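Asker: Let me give you the structure first, and then I'll get to my questions.
Values in this text are rule-based calculations from the coordinates and carry no lab data. Quantities reported herein were computed from a predicted structural model and do not represent experimental measurements. Here the Cβ is made from the backbone with ideal geometry for all residues, glycine too, and neighbour counts use every protein chain on show.
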Amino acid sequence: MEKVSSRLRLLALLVAMMFVALSTRLWFLQVLATERFQEFAQDQSIRFVPIDALRGRILDADGDVIVGNRMSLQVRVNRAEMGDDTEAVLQHLSEVLDIKVERLVAILRTNRYFQRQPVPVAEFVSEQTAFFIREHPELFPPDIVQVEPTSVRDYPYVRLAAHSLGYVGLIEEDQYRKLEGDGYGLNASIGRAGLEVVYERSLRGEEGTERFVVNADGEVIRPLGETPPTDGHDIVLAMDLEIQQIVEEELVDGLERSRSIFDDDTRRNLAANGGAVVVMNPNTGGIVAMASWPDYDPRWYAQGLTQEQRRYLFRSPTKPSSNRATQFTLSPGSAFKPFVALSALRRGVASLSRSYYCPAEYYAPGDESGAVFHNAVPFSQGYLSISSALKVSCDTIFYEWGWQFYNRWTSDQFGAEPFQKDLRGFGFSRQTRVDLPSESQGVLYGAADAADNPDLFFAGQWQPGGDILISIGSSYVTATPLQLATAYSAIANGGKLCRPHLADRIVSPDGEVVKDIRGHCRSLGYPKRWIQSIRAALTRVTSEEGGTAYYAFAGFPHSQIAVAGKTGTAARPEGDFQDTSWFAAMVPANNPQYVVIVMAEQGGFGSQTAAPIVRRIIERIYGIDSTSRPIVTGGTD
Amino acid sequence: MDMVAGRVWADERRPTRHVDGALLGVTVVLVVAGLFLLYSATSETLRADGLDPFSRVQRQAVTAVLGMVLMLLVASFDYRFLKVYAGFIYAGLLTALVLVRIPGLGSTDATGTAQRWFEIAGFQVTPSEFMKLGLIVMLATLLSELRVSIPSGQDLVRLIGVAVVPIALVFLQPDLGTAITLVAITVGMLVVAGTRPLHLGVLAVTSVVLILLAFQVGAIKEYQVDRLTTLFDPENSSESARYNLEQSLIAVGSGGLFGRGFLGGSQTSLDYVPEQHTDFIFTVVGEEFGFLGAIFVLGLYALLLWRAIRIAFLSKDPFGTYVAAGIASMFAIQMFVNVGMVVGIMPITGIPLPFLSYGGSSMLATFLAVGVLETVHMRRFK
């Protein structure tokens, strides 16, 4: 029996080892690794269902809703679940939604979204259609086709201010990767252009969540509570809805009119293929109206762009998706002269009390290359004050000042490039920091740029011709219409540069002002007297015979409302384009309420296309019944 | 006086004075604990289905009471009667194992993959559960009657022959778990009987060859292979097998040191662990009572096994020693494979956890085994 007991001990030992093995493993699972398993248990048993916050609205200055929200029954297709059913499901969808199968395929082929992200294929589906889809899971498997009530952007004025407002779309794959932590889900909407992007954080609000306990079959066992959503803030714009409408209509009409004008230089009608308008309150920088044409319908984006729309927006040479007011930079031509004159006054290059000779041609002193700089008109305009030089837009007087700047800079009388410094002070070649994305800043070249990039400049350095051409707003300077509006606002308000802004303030859903965006202005340091005399000179442009916009404003009641304005006509260096037509106006001239800038691409002379548009805009803003249509002659710069 | 054996005992050796109280105590504690665990595992689902949340617990409790009666009945008989009737018991159970395979007599489970019980008066009677005890008694009888103290090669062939028949029948049902238990019982008893290491080696090699052969001819069903390989190759095993293991680990692991409290486990109450009331009952211990609870339950099993092995020691009669050793082997392998499966160190095989798993036949067989241990203990003086 001794032997039996030793063998029983062996059995006991084996059993003991079993307990050691099990206890060790339990220690590992339940003490060392327990946190991980607790997370797993929680992850699979608690389901979070997001509750969308209502996106804030965009209102005009009077509180009219420009962008609101409305409920839409949205049909979404989950591509990841399609598999073998693809063809059948698309066929059924095509029939019930009345969308061609090819179009559905095109919408679904997009690679903007994650594969597992349901892609919206139709908005504003009728109740009956939604009911039909839900009632026929055999045709529309619920894991593939979903019909969900979704809050979408509503545009009561359709295309109005489309470029400024921007649009909202389903979050894209790369954005989702970046923003996943900020509460953006796979189905999140996000601002994708314009104000919707800039004020995304305010507009969006905060998503709420409902929490449920679910069992292994995914059935909801009981609710665990909810965090209600916080709706987004409203954005109140400086925009005046009425003026915005006027501006858009007049821009389209004016460009249309110009297309019937024959251009002597190019021997064909003006193309007038695009343009922009900015109306600004010069005292605050508030943008009262901003238009860019050609335009588009922001609802296209919500419904998914068709092939045709995509081609129109992104591939047509007229670039309808771009906001010309902030993204197109073109030489301003003579519309630039008032700023050159102010710099010349400040640096002692010119004086208000002197007169200057305006020859037909100008040769830079000491230049042996034989370069000739022509006046806008092929004859001498005699001796002119600064005021008169602006009125008739004499080029040769400004050439001389440009050369003076170059000459004095080489002798280093003022230190480095005072000319460029003054002009940059007005905001040229700087972003205005307007509340819109992807703003262009234009250029304003000088000696420093030539030193940095000698390859781009003639003979590898800054030439007198550079400053000479800048003095008439040509070649070495480009600007957006918004930059010009900002700079003219400084002349209009007595010398302050204000940061332009579409939005005035951000308001919470209960009406409290969360943020005031107005009032970022700083003085540029020009004596009021100079500014006033420049404005007085520009009043002569529209009201005195010989002024470059005199004919464009013929019959305008100047005694009732004085308009200070400046034409601009600028050649485009690249390509076979007709001249850019500019007009900048301040109204009323003695105490301006509005600065109006019109830029018309391939619009010919400033007086041909831009000035008449500005005139019509002013007439309609002030309710002037204009029986006499603007007289368009051969046109003057 | 012992009524049944008709023998007269000295007063201090009267069987009723030698009941193993610890063994009885641990049995009762385990069974009662099992009812609580079963309630936790089943009440939510039953309530969700509109049924009485206590229905499973009640059924199990009735079985447990029946089991205790049987246990006491067995304990009151002299275990040596078993030796007399060993052949009948063995043959009877073998017959049952054959009959259960006949369509119409035996019942298949819902999936139709296995046929292992009789449906009698609403109760499922699973002969293989009782075969475990039958084999123990049969082998103990043969071993105790050997002329030499160590079984010879010839003896071994006979013993193995006796074991292989039920093992093969159970395996074909198919019931891999019970087959493994029967193998473990046989090996355990042969070791205690002093089988030569060389013979054990030959036996092991033969078994491996036979198992490989079984795989080769496809006698092992795919789902069994799946469940077995999940542990070693989680990537390639079937979804359901992997899910089973994952959920089991999450349940046990999330219990932590102290557990989430009775009825407080989300894995348990929300039905995440399949087969939780039967083979995976230990996950309830792990999740709701934590590491401390799990160690406590393992401690109860340690106590149980200690008492069983002690009884094998104490028995003056080789038959009693072998029976007790066989029962110890049976409990040990079931406890180890079941809990090991739950914590992911053993492959998934359908082995019930004695006393805790829901199931009538398993429960009755377990009580019978304890009854046998008690009678051996009570009558250990010859």
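Asker: Loop-only GluC sites (Glu not before Pro) in the range A:137-196, please: DSSP not H, G, I, E or B, and at most 15 other Cβ atoms within 10 Å.
Answerer: A:GLU138
Asker: Taking 8 Å as the Cα distance limit and 6 or more residues as the minimum spacing, I'd like the relative contact order of chain B as a percentage. Before the final figure, lay out the partial values.
Answerer: Values: 556 pairs, mean separation 105.5, N = 382.
The normalised contact order for chain B reaches 28 percent.
Asker: First measure r as the distance between the Cβ atoms of B:VAL209 and A:SER5, then evaluate 1/(1 + (r/R0)^6) with R0 = 51 Å and state the FRET efficiency to the nearest 0.05.
Answerer: Computed FRET efficiency for B:VAL209 and A:SER5: 0.90.
Asker: Using only the alpha-carbon atoms, how far is helix A:86-97 inclined from the longest principal axis of chain A? Give it as 0 to 90 degrees, nearest 10.
Answerer: Here the helix axis deviates by roughly 60 degrees.
Asker: Can you figure out the FRET efficiency of B:LEU146 with B:LEU66, using R₀ = 41 Å and their beta-carbon distance, to the nearest 0.05?
Answerer: 0.65
Asker: Quick check: from the Cα gyration tensor, does the range B:22-378 come out rounded (a/c under 1.5), prolate or oblate?
Answerer: In terms of gyration-tensor shape, prolate.
Asker: Also, I was wondering about something else. Rounded to the nearest 500 deg cm²/dmol, what is the calculated helix-only ellipticity per residue at 222 nm for chain B, with -39500 (n - 2.57) per DSSP H run of length n ≥ 4?
Answerer: Details: 13 runs with 252 residues, N = 382.
Result for chain B: -22500 deg cm²/dmol, rounded to the nearest 500.
Asker: Once you keep just the Cα pairs under 8 angstrom separated by 6 or more residues, what percentage relative contact order results for the range B:62-179? List each step's numbers first, then the result.
Answerer: Values: 95 pairs, mean separation 29.2, N = 118.
Across the range B:62-179, relative contact order equals 25 percent.
Asker: For B:GLU222 and A:ILE221, what is the calculated FRET efficiency with R₀ set at 45 Å and r taken between the beta-carbons, to the nearest 0.05?
Answerer: Efficiency, from the Cβ-Cβ distance: 0.85.
Asker: For chain A, what's the relative contact order in percent, using C-alpha pairs closer than 8 Å and at least 6 residues apart?
Answerer: 14 percent.
Asker: Quick one: which residues, 5 or more positions from A:HIS501 or on another chain, have an amide H under 5 Å from its amide H? H modelled 1.01 Å from N in the peptide plane, none for Pro or chain starts.
Answerer: Amide H to amide H, under 5 Å and 5 or more residues apart or across chains, A:HIS501 pairs with A:GLY286, A:ILE287.
Asker: Something else now. Evaluate the distance, in nm, between pseudo-label points positioned 7 Å from the Cα of A:ASP84 and of B:VAL164 along their respective Cα→Cβ axes.
Answerer: Result for the modelled spin labels: 4.7 nm.
Asker: Where does each of B:ARG147, A:ARG299, A:ARG134 land when they are ranked from fewest to most other beta-carbon atoms within 10 angstrom?
Answerer: Ranked by crowding around the Cβ, least crowded first: B:ARG147, A:ARG134, A:ARG299.
Asker: Using the count of nearby Cβ atoms within 10 Å as a rough guide to exposure, how do A:TRP401, A:TRP409 rank from fewest to most?
Answerer: Values: A:TRP401 26, A:TRP409 22.
Fewest to most other Cβ atoms nearby, the residues stand as A:TRP409, A:TRP401.
Asker: Using the Cα gyration tensor of the range A:37-147, with a ≥ b ≥ c the square roots of its eigenvalues, what is the shape: rounded (a/c below 1.5), prolate (a/b larger than b/c) or oblate (neither)?
Answerer: Oblate is the answer for the range A:37-147, as a/c is 1.5 or above yet b/c matches or exceeds a/b.
Asker: Could you pull out every one of the lysines with an alpha carbon less than 25 Å from that of A:LYS496, ignoring same-chain neighbours closer than 8 positions?
Answerer: Straight-distance partners of A:LYS496: A:LYS337, A:LYS391, A:LYS421, A:LYS515, A:LYS528, A:LYS566.
Asker: Find, among the chymotrypsin sites (Phe, Trp or Tyr not before Pro) in the range B:292-358, those assigned to loop by DSSP (not H, G, I, E, B) with at most 10 other beta-carbon atoms within 10 angstrom.
Answerer: Passing both the DSSP loop test and the Cβ count: no residue.
Asker: Between rounded, prolate and oblate, where does the range B:20-121 land on the alpha carbon gyration tensor, with a ≥ b ≥ c its root eigenvalues, rounded for a/c under 1.5, else prolate if a/b exceeds b/c?
Answerer: Oblate, since a/c reaches 1.5 and b/c is not below a/b.
Asker: Now a separate question. For A:SER508, B:SER362, A:SER72, what ranking results if the residue with the fewest other Cβ atoms within 10 Å of its Cβ goes first?
Answerer: Sorted ascending by nearby Cβ count, the order is A:SER508, A:SER72, B:SER362.
Asker: Find how much the distance from A:GLU127 to A:ILE99 grows on full extension, using 0.36 nm per residue of separation minus their present alpha carbon separation; answer in nm with one decimal.
Answerer: Residue separation times 0.36 nm, minus the Cα-Cα distance, leaves 8.4 nm.
Asker: Considering every Cα-Cα pair within the range A:272-386, what fraction, in whole percent, is farther apart than 22 Å?
Answerer: Roughly 61 percent, rounded to a whole number.
Asker: Let me ask something additional. Please identify, among B:VAL157, B:VAL337, B:VAL323, the residue showing maximal mean-square fluctuation in a Gaussian network model of chain B using a 10 angstrom Cα cutoff.
Answerer: B:VAL157
Asker: Same structure again: Just to confirm the filter: which chymotrypsin sites (Phe, Trp or Tyr not before Pro) across the range A:22-54 are DSSP coil and have at most 13 other Cβ within 10 angstrom of their Cβ?
Answerer: Listed in order of number, the matching sites amount to none.
Asker: Right, here's the next one. What 222 nm value per residue comes from the helices of chain A, counting each DSSP H run with n ≥ 4 as -39,500 (n - 2.57) and dividing by all residues, nearest 500 deg cm²/dmol?
Answerer: Value at 222 nm, helices only, nearest 500: -10000 deg cm²/dmol.
Asker: Taking the simple approach of a point 7 Å from Cα along Cα-to-Cβ for both A:ARG430 and B:ALA22, what is their distance in nm?
Answerer: Taking the two extended label points, one gets 9.2 nm.
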